[in-house]
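K.L.:
For reference, the structure I am asking about is given below.
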Amino acid sequence: EIIPTALEVRSFAHGQALITKIKIPEGNIIDKMTIAELGSKITNNILICGVERDGSVFIPGGSFELAAGDIITVVATSKEQNNFLKSIGFAMNTIKDAMIIGGGRSSYYLADILIKKGISVKIIEKDLRRCELLNELLPKATIINGDGTNTELLLEEGIKNADAFIPLTGIDEQNVMLSLHAKKISDTKRITKINRTGFIDIVNSLDLGSVFYPMFITADMILAYVRAKTAAPGSNIETVYHLFDSRAEAITFKVTDDSKITGKPLKELKIKKNTLISYIGHNGEAIIPTGNDVISKGDTVMVVTMQTGFDDIGDILE
């Protein structure tokens, strides 16, 4: 998914639902609105599972009051997520074209995916041989041989009109500067790749659009594998996502047996502090749960938590 105003979007449960991170703008309709009021006045079909404010992270309850500047993480189906974002005034214009700086492996794989989604792609790469190879591999893309850090070239190639701008050079500093330059001269959706993780605080203080760290994505995949291997009988970790710089986790479990977690309304379960059941996949249906919903054998369940070491769905109970 590419959502122009989102900071980050991840799919889970085999694409049935999305985790979307957005920043609440000044004057937005949900500024100073509690989670409960959001449910009653706007929609109950999404769930806000995390809020970052002034460097602190919260797993919010119904009385939590949202504020401008908050970075919120929303769980919803793709349709309901789009409806929610539209209803609170977020731009949902379709991405039609993308400009990628750098022609490495990441650029190739991303361009291939975007082209298959019907998005026009332009890649700027300074190595001529690599350009020739990309031209063979991606015949539907436009490949430009040139220095992607040259501001005049960027203007000539249409950075001001590009729907998305994605610097994927191998140098973090170049990616950061290119993203900041794009912000200054256009309204393009920016996606910034950062390889090193030692300067997260500094990076977070800059307006770089959507920022992703390949190391964190790789770590999540390894962690999910290790957790799945050590999970107790009765449930099965499918995926693990780090949220808010690893201060919270979103873990999806496949419930393979009846247990203390199954057969009861969620409001009757004694769930550990800072832990939230945020999604239930039941017989192919995506459910954003309320207190009246029930987990059954065979369901896929996503839990968002600030606790650590959950290996089994039953670990969420006190």
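The values are calculated or read from the model by the stated rules, or taken from the named source; none is laboratory data. What you see is a predicted model; the values in this text were computed from it and never measured. Every residue, glycine among them, receives a Cβ derived from its backbone with ideal geometry; neighbour counts consider all protein chains shown. Just so you know, the surface numbers come from the protein's heavy atoms only, side chains and all, with ligands and any DNA or RNA stripped out. Shrake-Rupley method; radii C 1.70, N 1.55, O 1.52, S 1.80 Å.
K.L.:
Quick one: in segment 18-55, which of the residues that are of a type in the set (S, T, N, Q) and surrounded by fewer than 18 Cβ atoms within 10 Å (Cβ to Cβ) is farthest from SER246 (Cα to Cα)?
P.N.:
SER40
Yes or no, residue by residue, for (1) modelled with pLDDT of 90 or more; (2) surrounded by 15 or more Cβ atoms within 10 Å (Cβ to Cβ); (3) of a type in the set (Gly, Ala, Ser):
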{"position": "TYR225", "(1), (2), (3)": "no, no, no"}
{"position": "PRO233", "(1), (2), (3)": "no, no, no"}
{"position": "PHE244", "(1), (2), (3)": "no, yes, no"}
{"position": "ILE251", "(1), (2), (3)": "no, yes, no"}
{"position": "LYS267", "(1), (2), (3)": "yes, no, no"}
{"position": "ASN274", "(1), (2), (3)": "yes, no, no"}
{"position": "ALA286", "(1), (2), (3)": "yes, yes, yes"}
{"position": "THR305", "(1), (2), (3)": "yes, yes, no"}
{"position": "GLY309", "(1), (2), (3)": "no, no, yes"}
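K.L.:
Where residues in segment 59-81 are of a type in the set (D, E, K, R) and in contact (Cβ under 8 Å) with a residue 24 or more places away in the chain, which of them is most open to solvent (accessible area, probe 1.4 Å)?
P.N.:
Narrowing segment 59-81 to residues of a type in the set (D, E, K, R): 65, 70, 79-80.
Right, trim to in contact (Cβ under 8 Å) with a residue 24 or more places away in the chain and you get 65, 70, 80.
Numbers: GLU65: 97, ASP70: 3, GLU80: 49 Å².
Top of the filtered list is GLU65.
K.L.:
For segment 1-95, please list each of the strands (runs of 3 or more DSSP E) lying entirely inside it that holds at least 1 residues being at pLDDT below 85 and of a type outside the set (S, T, N, Q).
P.N.:
Values: elements: 8-12, 17-23, 47-53, 56-58, 71-76.
So the answer is 8-12.
K.L.:
Taking segment 148-203, which residues are open to solvent by less than 40 Å² (accessible area, probe 1.4 Å), modelled with pLDDT of 90 or more, in contact with a Lys or Arg (Cβ under 9 Å, 6 or more places away or on another chain) and under 16 Å from LYS96 (Cβ atoms)?
P.N.:
GLY158, ALA162, ALA164, PHE165, ILE166, SER186, listed by residue number.
K.L.:
I'd like the full set of residues that are acidic (Asp, Glu), surrounded by fewer than 16 Cβ atoms within 10 Å (Cβ to Cβ) and either outside any helix (DSSP H, G or I) or at pLDDT below 95 (or both), limited to segment 113-146. Reasoning before the result, please.
P.N.:
Residues of segment 113-146 acidic (Asp, Glu): 125, 127, 132, 136.
Within this subset, residues satisfying the condition of being surrounded by fewer than 16 Cβ atoms within 10 Å (Cβ to Cβ) are 127, 132, 136.
ASP127, the sole residue that qualifies.
K.L.:
Just one of the numbered conditions (1) outside any strand (DSSP E or B); (2) surrounded by 16 or more Cβ atoms within 10 Å (Cβ to Cβ); (3) at pLDDT below 95 is not true of TYR108; which one?
P.N.:
Looking at each condition in turn, TYR108 falls short on (3).
K.L.:
Right, next: Right, GLY15: surrounded by fewer than 21 Cβ atoms within 10 Å (Cβ to Cβ) and farther than 30 Å from THR142 by Cβ or not?
P.N.:
Numbers: surrounded by fewer than 21 Cβ atoms within 10 Å (Cβ to Cβ): yes; farther than 30 Å from THR142 by Cβ: no.
No, not satisfied.
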